[in-house]
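The structure appears below as structure tokens.
The values are calculated or read from the model by the stated rules, or taken from the named source; none is laboratory data. It should be emphasised that the depicted structure is a prediction, and the values quoted were computed from it without experimental measurement. Every residue, glycine among them, receives a Cβ derived from its backbone with ideal geometry; neighbour counts consider all protein chains shown.
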Amino acid sequence: MADFLAKDIVKEFQTPIGPLRILDGVSVELDRGQSLAVVGPSGSGKSTFLHIAGTLDQASSGQLLLDGTDPGRFSNPQLAQFRNENIGFVFQEHHLLPQLSALENVLVPAVATGRITEEMRDRAKQLLARVDLADRLDHRPAAMSGGERQRVAVARALLMEPVLILADEPTGSLDQKNAEVIGQLLLDLQKTGDNILICVTHSDRLAQNFDVRVTIENGKFVTQESD
């Protein structure tokens, strides 16, 4: 069985004129070490798919398994713990806490475990060094550039050694130079950590670097390419 399985995922919202189907039976299987880029026009269902994959939203029907586990069987507290331990998120905006340093921001996912160990603190420092921010550990977001803040967000997503990394337009708010750096950094770190990476992007240039590329239109995966 694949490490990540989404099968026949349907998502509908109720409207005054009837159900609005955002996702219409999308399916994909990925193993550790693989990366998937999802491209398509605005409103096509890209972010909805990502939110369901990340257990932030629930499908109307279909099956979702991560590392052999069905997140739908958990209570809300159990689901929050499962998500924190197994899924890392990188969004278009970095969502760093302004009052915390770079190191403290990377350690935020560990706070939910109830205890930040020295081992976890050392891992956070190592991740910041790998994203070329070893000299910015004590800097707060206001003292960093947009590219640096997004690199902190990438390090934060990797802290808990997740099975799955989800990136929603991670380079969308960056200039071309920083966008290329962040995009390649995500892919390099994902390969090194043997994670699964799913990225929603408008950038065909970024998507070309992924193992698998799908186009979503009207809630369906209409094209699929693999290297």
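What number of residues in the stretch 102-123 are within 17 Å of L158 (Cβ to Cβ), in a loop (DSSP other than H, G, I, E, B) and modelled with pLDDT under 95? Please lay out each step first, then the result.
Residues of the stretch 102-123 that are within 17 Å of L158 (Cβ to Cβ), as a first pass: 102-113, 116-117, 119-123.
Those still in the list that are in a loop (DSSP other than H, G, I, E, B) too: 107, 112-113, 116-117.
If we keep only those that are modelled with pLDDT under 95 too, we end up with 112-113, 116-117.
Counting residues in the stretch 102-123 that are within 17 Å of L158 (Cβ to Cβ), in a loop (DSSP other than H, G, I, E, B) and modelled with pLDDT under 95 gives 4.
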When the stretch 4-44 is examined, which residues are found to be in contact with a strand residue (DSSP E or B) (Cβ under 6 Å, 6 or more places away or on another chain), part of a strand (DSSP E or B) and small (G, A, S)?
A6, G25, S27, S35, A37
Going through the stretch 207-227 in order, the residues found to be outside any strand (DSSP E or B) and either within 14 Å of the chain's Cα centre (by Cα) or farther than 20 Å from G43 by Cα (or both) are Q208, N209, F210, D211, D227
Just the residues that are among the aliphatic types (A, V, I, L, M) and over 15 Å from the mean Cα position of the chain (by Cα), please, taken from the stretch 47-95.
A59, L64, L65, L79, A80
Can you say whether S47 is part of a helix (DSSP H, G or I) and within 28 Å of V222 (Cβ to Cβ), as far as the supplied structure shows?
yes
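Identify the residue in the stretch 101-116 that is farther than 19 Å from A134 by Cα and aliphatic (A, V, I, L, M) and, among all such residues, is surrounded by the most Cβ atoms within 10 Å (Cβ to Cβ). First the steps, then the outcome.
Start the filter on the stretch 101-116 by keeping residues that are farther than 19 Å from A134 by Cα, which leaves 109-116.
Next, only the ones that are aliphatic (A, V, I, L, M) stay: 110-112, 116.
Numbers: A110: 20, V111: 11, A112: 12, I116: 14.
Looking at residues that are farther than 19 Å from A134 by Cα and aliphatic (A, V, I, L, M), I get A110.
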Given the condition surrounded by 14 or more Cβ atoms within 10 Å (Cβ to Cβ), touching a Leu at 6+ places or on another chain (Cβ under 8 Å) and within 18 Å of F210 (Cα to Cα), answer yes or no: does some residue in the stretch 7-26 qualify?
no
Index of the failed condition, N76 passing every other in (1) more than 25 Å from E225 (Cα to Cα); (2) of a type outside the set (S, T, Y); (3) at pLDDT 95 or above
(3)
In the stretch 135-150, is there at least one residue being more than 16 Å from the chain's Cα centre (by Cα), among the hydrophobic types (A, V, I, L, M, F, W, C) and assigned to a helix (DSSP H, G or I)?
yes
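For L164, are the conditions met, namely being of a type in the set (A, V, I, L, M, F, W, C), closer than 26 Å to A110 by Cβ and buried (at least 19 other Cβ atoms within 10 Å of the Cβ)?
On the way: of a type in the set (A, V, I, L, M, F, W, C): yes; closer than 26 Å to A110 by Cβ: yes; buried (at least 19 other Cβ atoms within 10 Å of the Cβ): yes.
So L164 passes the test.
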For T171, the lone unmet condition from (1) at pLDDT 90 or above; (2) under 29 Å from T201 (Cα atoms) is (1)
When the stretch 77-101 is examined, which residues are found to be closer than 19 Å to A167 by Cβ, without any contact (Cβ under 8 Å) to a residue 60 or more places away in the chain and part of a helix (DSSP H, G or I)?
R83
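Taking V26, is it under 23 Å from L185 (Cα atoms) and either touching a residue at least 60 places away in the same chain (Cβ under 8 Å) or not aromatic (F, W, Y) (or both)?
Details: under 23 Å from L185 (Cα atoms): no; either touching a residue at least 60 places away in the same chain (Cβ under 8 Å) or not aromatic (F, W, Y) (or both): yes.
So V26 fails the test.
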